[in-house]
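Student: This is the structure I want to talk about, given as structure tokens.
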Amino acid sequence: MPTINHMIKTNKSPLIMGILNVTPDSFSDGGHFFSSKKAIDHAYQMLDEGADMIDIGGESTKPGALPVSIDEEMARIKPVLEALKNETNLYLSLDTNKAKVMELGLDLGVSMINDVYALRNEGAMDVIAKSTCDVCLMHMQGKPQTMQANPQYNDVVNEVKSFLSDRINACLKNDIHQDRIVIDPGFGFGKTFDDNLNVFNSIAQFQDLKSPMLIGISRKSMMRTIIGDNEDDIIQLSAFMAALAAQRGASILRVHDVKETQKALNYFS
């Protein structure tokens, strides 16, 4: 399986990462794909619509979400990962911050670990250092349970960049090569609406960090603030802003709505 950098260099850019939440409580699609069969079917639907990879998560990280046990998270993701790896040669990403869950995912053949804690939890850095997988390092102020209570920054763009730079350096010190690292500024993770807009308008600046950038704004609360509560409007705005992020330097777009995102990208191409 090629590395993410190889995929970016040799395939169309940006790459579309379809979101598959195998949870009962994710902020946008929680419960819709909670059964393994529904999750697998939805993964194939996203591939048919143009997804280049699938990001599978067994624990919600929406604002206020409570953590689930390691055993519960593994039970949710294992049958889905097994089915997709047995039937395809798909590039799979696993959205988790727990070292033991990472180990299970790597044993089952995932190509990327997507960690909202950026390998700060116990054992996570060691798991990635011992592997050959790609890793996505995301910025988050606080924890999902409390991150939106009162996020504060003096300079949100520079603080997010500094955090990501520090996490890249931590990986390099642990012999995780730069070619394996992806960064994510973490829209909605410990950030106000104004913070999110400031970061979005400064996406190009994150290219200074010399790592491919993943942008995940799909159906985030900032969309609702901009355009209102109509779901179709939120989906269309999410697709439009994803395409705009690609124009500003994003290499990977993490989205719920693959077909709409692909249409928006075609419009801007």
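Throughout, read-outs are computed from the coordinates displayed, never taken from laboratory work. Just so we're clear, the structure is a prediction, and the values are computed from it rather than from any experiment. Cβ: placed from backbone, ideal geometry, glycine included. Neighbour counts: every protein chain shown.
Student: Could you list log10 I(q)/I(0) for the chain at q = 0.08, 0.09, 0.16, 0.17 Å⁻¹, which the Debye formula gives when each Cα is one point scatterer?
Tutor: -0.28, -0.35, -1.31, -1.54
Student: List residues of region 111-134, by number, whose backbone nitrogen lies under 14 Å from a label position 7 Å along Cα→C-beta of residue 143.
Tutor: Only 117, 120-122 pass the distance filter.
Student: Additional query: Are any of the pairs 85/161; 37/100; 62/100 more than 28 Å apart by Cα-Cα distance, and if so, which?
Tutor: 85/161
Student: Counting other Cβ atoms within 10 Å of each Cβ, which trypsin sites (Lys or Arg not before Pro) in region 27-122 have at most 15 and sit in a DSSP loop?
Tutor: 120
Student: Would you mind counting up the charge near residue 6? Only other residues with Cβ under 12 Å from its Cβ, with Lys and Arg at +1 and Asp and Glu at -1.
Tutor: 0
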